[in-house]
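Engineer: I am attaching a structure below and will ask some questions about it afterwards.
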Amino acid sequence: MVAGSFAESGADLELVGIHKRFPGFTAIEELSLKVPAGSFFALLGPSGCGKTTTLRLVAGLEEPTSGQVLIGGKDVTGMKPFQRPVNTVFQSYALFPHMTVIENVAFGLRRRKVDDPVAKAHEALRLVELDHLAARKPLQLSGGQQQRVALARAVVNRPALLLLDEPLGALDLKLRRQMQLELKTIQTEVGLTFVHVTHDQEEAMTMADTVAVMNKGAIEQMGAPEELYELPTTVFVANFLGQSNLFTGPVVESTGDTIAVDIAGTRIVVPTARAQRHSGIVTVGVRPEKLSLVTEDPGPAAGLNVIGPGRVVDVSFSGVSTQYIVEVPRLGTMVCFAQNMVFGPVVDVGASVWLSWKVDHGFGLDDVAEQAGAVQVGSAQDIAALDPEAVL
Amino acid sequence: MAIAALAGSTVTQEAPRKKSRIALILLLPGIFYLVLFFIVPFVSLVITSLQVPSATNFGQFDTAFNWQTYVDVVGQYGTQILRSFFFALLATVFALLFSYPLAYFIGVKARRWPLLQGLMLVLVIAPFFISFLLRTLAWKQILSDEGFVVSALKALSVLGPQDHITGTPVAVVFGLTYNFIPFMCLPLYTTLERLDVRYLEASNDLYAGPFATFRKVTIPLSLPGIVSGTLLTFIPAAGDYVNASSEFLGGSSSTMMGNVIQSNFLVQLNYPAAAALSIFLRAIILIIVSAYVKRSGTDDLL
């Protein structure tokens, strides 16, 4: 970047055929993606999936084994970190402990010989509401305050591309929600391109325009959060982004609009347009909140999949909704979220129930799940802690 | 004195204020040691420095309050005093210039290879296994007029036919630098070994090139090591009498305060002069060191 000037606006980022090998293991298999200028892009994945390595490659802190990094259409693959129009908010914040907060924020401005660095640094600190702590040392601040200083230190440079490496990981839930909103506001206000790495699926979905789900060094699926959630294309995405009830079986009937899959004697119908594969053994699924729970057999109906009878094995109340776990013979365990429209659960443990959902809500995946039924997940963090092999 | 100065540079932590007999008992040997080997000799030294030659017995001294000795020795040995501090300063600067890259390599670059790290540390410490008198004598041999260094330099016309290395200030500063490199290297290594390279990455990310990163981040973060290393080198180097002695690397043109004190004590038997010089040397070092520690402790060197 030219000394003394700011980027006019965010730049787009393009990764072309990136491959990264460390001694002993491959961090990134093959990665190509394009992040449009001014967008909020989230890289979501479990620990060790290569998302932080991707970020470090963009920042220039690692060199790709092969492939190219382009920022604003310019090849920066061979450029050193300090030559790139990129700033990073590090997971560890990495605030210089020997400098005051204001000097930390002014650091990048001073290096680029920007006029009046201290005034601009104060302005950035006001943006994160920490100007009153400008004279403190970073170690005298709380984790949340340090995180905001780290953000100010990066944003003050108006980089064409701002990289965020799980910066909200250390914050408590309430502060995290607040910072998520602030980040989003700052991004919209200053119009920068944000690339945010996280393992928190909720964080990725609330903040980003585009989410890319990464697994084992490759992108599994990329798209708008709603698209990814409503129409996952792989077993990993279906289970990592929220929960899913998955069934695997052969396709027994294929009409123009729908395919029917036989799951141990039960027919499940999925729209052809929402299925990735239309023949052979396929995995189909449905989100738990799309299921409705009834205590009497509703009988076959057009445009409806019905499963049952099953036995309720667990009921857990979580405020806005209640989670029912239903054991269906030969199909496995299913999860159903029901809105709490009445006080208390509708059915109790041991009750015999039927589950139904609209055919339009089902989806067919590209790969095949090894286990039928729902994978039990509490939250994205639990998944991140699990070995990806175990999830699949 | 050096220890007190070092303690002053570190942040004192507030310990829980609970009176404990055990702490006192554990401190007793240390207090006893300090009283016996520091306070008592020091008081005795102060008394000696103020004595006057006995009027009756030649070679004996009587207790007095003759502060004139201080004025006399400072006037008489001003050159040697200034030279001592100048040589010590040069040796400290050279030792720092030599040790910093070495310590940085061992502490930061060699982190990926613990075996190499261990091996290089052993190489830094290994000279301690041989008496430093022997090592200095060995250097005298190497740098002697018959040695290959002098003959090679003469062949290259760097040295004239009548020039020497031993007995010159060059040899003394070289010897001081060589002898104190481990004292500089080890404290530097300890701070650099803990240097978090993520700060360097952050600096790089914030448009600072390698030089700016070194000046603005690496040096300030390794300042504690630089301060203790320079103190551990400067203080003993200023009082050193081995390297500058004519039996080792020095000569008449390179005499330092240590040699003057030694000669007054052991050759001229002028105990008050030697004691006054010792106390003067300590006082000057104390002033220099406290000014230095205060400056590097409060100033952020931004």
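The values are calculated or read from the model by the stated rules, or taken from the named source; none is laboratory data. Remember, predicted model here, so these are calculated numbers, not experimental data. A quick note on method: Cβ atoms are made from the backbone with ideal geometry, for glycine too, and the neighbour counts reach across all protein chains shown. Areas reflect the complete protein model, heavy atoms only, side chains present, ligands, DNA and RNA absent. Shrake-Rupley method; radii C 1.70, N 1.55, O 1.52, S 1.80 Å.
Engineer: Of everything in region B:266-285, what is over 15 Å from B:I81 (Cα atoms) and open to solvent by 20 Å² or more (accessible area, probe 1.4 Å)? Give them in sequence order.
Structural biologist: Correct list: B:L266, B:V267, B:Q268, B:L269, B:N270, B:Y271.
Engineer: Going through region A:76-94 one residue at a time, which ones are open to solvent by less than 10 Å² (accessible area, probe 1.4 Å) and at the interface with chain B (Cβ under 8 Å from one of its Cβ atoms)?
Structural biologist: Within region A:76-94, A:V86, A:N87, A:A94 meet the criteria.
Engineer: Search region A:98-120 for residues being in a loop (DSSP other than H, G, I, E, B) and under 13 Å from B:K216 (Cβ atoms), and hand back the single one that is farthest from the other protein chains (Cβ to nearest Cβ).
Structural biologist: Ranking the candidates gives A:M99 first.
Engineer: For the subset of region B:184-230 comprising residues that are within 7 Å of chain A (Cβ to nearest Cβ) and open to solvent by less than 10 Å² (accessible area, probe 1.4 Å), which member is nearest to B:S296 (Cα to Cα)?
Structural biologist: The residue in question is B:V217.
Engineer: Being touching a residue at least 60 places away in the same chain (Cβ under 8 Å), in a helix (DSSP H, G or I) and more than 14 Å from chain A (Cβ to nearest Cβ) is the requirement here; does B:I181 meet it?
Structural biologist: The answer is yes for B:I181.
Engineer: Considering every residue within region A:104-111, establish whether at least one is more than 24 Å from A:G10 (Cα to Cα) and over 30 Å from the mean Cα position of the chain (by Cα).
Structural biologist: Taking every residue of region A:104-111 in turn, none turns out to be more than 24 Å from A:G10 (Cα to Cα) and over 30 Å from the mean Cα position of the chain (by Cα).
Engineer: Report, by residue number, each residue of region A:113-129 that is surrounded by 20 or more Cβ atoms within 10 Å (Cβ to Cβ) and under 21 Å from A:E166 (Cα atoms).
Structural biologist: Listed by number, the residues that qualify are A:A124, A:L125, A:V128.
Engineer: Can I ask one more? In region A:379-386, is there at least one residue being assigned to a loop (DSSP other than H, G, I, E, B), modelled with pLDDT under 70 and among the β-branched types (V, I, T)?
Structural biologist: No, there is no match, as no residue in region A:379-386 is assigned to a loop (DSSP other than H, G, I, E, B), modelled with pLDDT under 70 and among the β-branched types (V, I, T).
Engineer: Taking region B:48-63 on its own, how many of its residues are exposed (fewer than 14 other Cβ atoms within 10 Å of the Cβ) and either within 14 Å of B:A274 (Cβ to Cβ) or of a type outside the set (V, I, T) (or both)?
Structural biologist: 7
Engineer: Do the conditions hold for A:M207, that is, is it closer than 25 Å to A:A160 by Cβ, crowded, with 20+ Cβ neighbours inside 10 Å, in contact with a helix residue (DSSP H, G or I) (Cβ under 6 Å, 6 or more places away or on another chain) and modelled with pLDDT under 90?
Structural biologist: yes
Engineer: Out of A:T258, A:T295, I need the residue that is under 31 Å from the mean Cα position of the chain (by Cα) and assigned by TED's automatic domain parsing to the domain that holds A:W357. Which one?
Structural biologist: The unique qualifying residue is A:T258.
Engineer: Hey, any hits in region A:200-221 for a residue that's among the hydroxyl-bearing types (S, T, Y) and within 20 Å of A:K51 (Cα to Cα)?
Structural biologist: Within region A:200-221, one or more residues are among the hydroxyl-bearing types (S, T, Y) and within 20 Å of A:K51 (Cα to Cα).
Engineer: Only one of these is away from every other protein chain (no Cβ under 12 Å) and at pLDDT 90 or above: A:L44, A:L55, A:L61. Name it.
Structural biologist: Selected residue: A:L44, the only one of A:L44, A:L55, A:L61 that is away from every other protein chain (no Cβ under 12 Å) and at pLDDT 90 or above.
Engineer: Cβ contacts < 9 Å: first residue more than 9 Å from chain B (Cβ to nearest Cβ) and at positive phi, restricted to region A:147-165; second residue hydrophobic (A, V, I, L, M, F, W, C) and part of a helix (DSSP H, G or I), any location; separation 6+ or different chain. Result?
Structural biologist: These pairs meet every condition: A:R158/A:V190.
Engineer: How about region A:58-99: which of its residues are free of Cβ contacts under 8 Å to residues at least 24 places away in the same chain and either β-branched (V, I, T) or not assigned by TED's automatic domain parsing to the domain that holds A:P138 (or both)?
Structural biologist: A:V76, A:T77
Engineer: Does region B:236-247 include one or more residues that are in a helix (DSSP H, G or I), open to solvent by 30 Å² or more (accessible area, probe 1.4 Å) and either within 11 Å of chain A (Cβ to nearest Cβ) or among the hydroxyl-bearing types (S, T, Y) (or both)?
Structural biologist: No, that holds for no residue.
Engineer: Can you find a residue that is surrounded by fewer than 20 Cβ atoms within 10 Å (Cβ to Cβ) and not in a helix (DSSP H, G or I) anywhere in region B:253-265?
Structural biologist: No.
Engineer: Open to solvent by 30 Å² or more (accessible area, probe 1.4 Å), within 14 Å of chain A (Cβ to nearest Cβ) and either outside any loop (DSSP other than H, G, I, E, B) or in contact (Cβ under 8 Å) with a residue 40 or more places away in the chain (or both): does that describe B:K140?
Structural biologist: Against the criterion (open to solvent by 30 Å² or more (accessible area, probe 1.4 Å), within 14 Å of chain A (Cβ to nearest Cβ) and either outside any loop (DSSP other than H, G, I, E, B) or in contact (Cβ under 8 Å) with a residue 40 or more places away in the chain (or both)), B:K140 does not qualify.
Engineer: Write out, first by first residue and then by second, each pair whose Cβ atoms fall under 7 Å of each other, whose residues are 6+ apart or on separate chains, and whose first residue, in region B:85-100, is open to solvent by 50 Å² or more (accessible area, probe 1.4 Å) while the second is outside any helix (DSSP H, G or I).
Structural biologist: Listed by first residue and then by second, the contacts come to nothing, as the list is empty.
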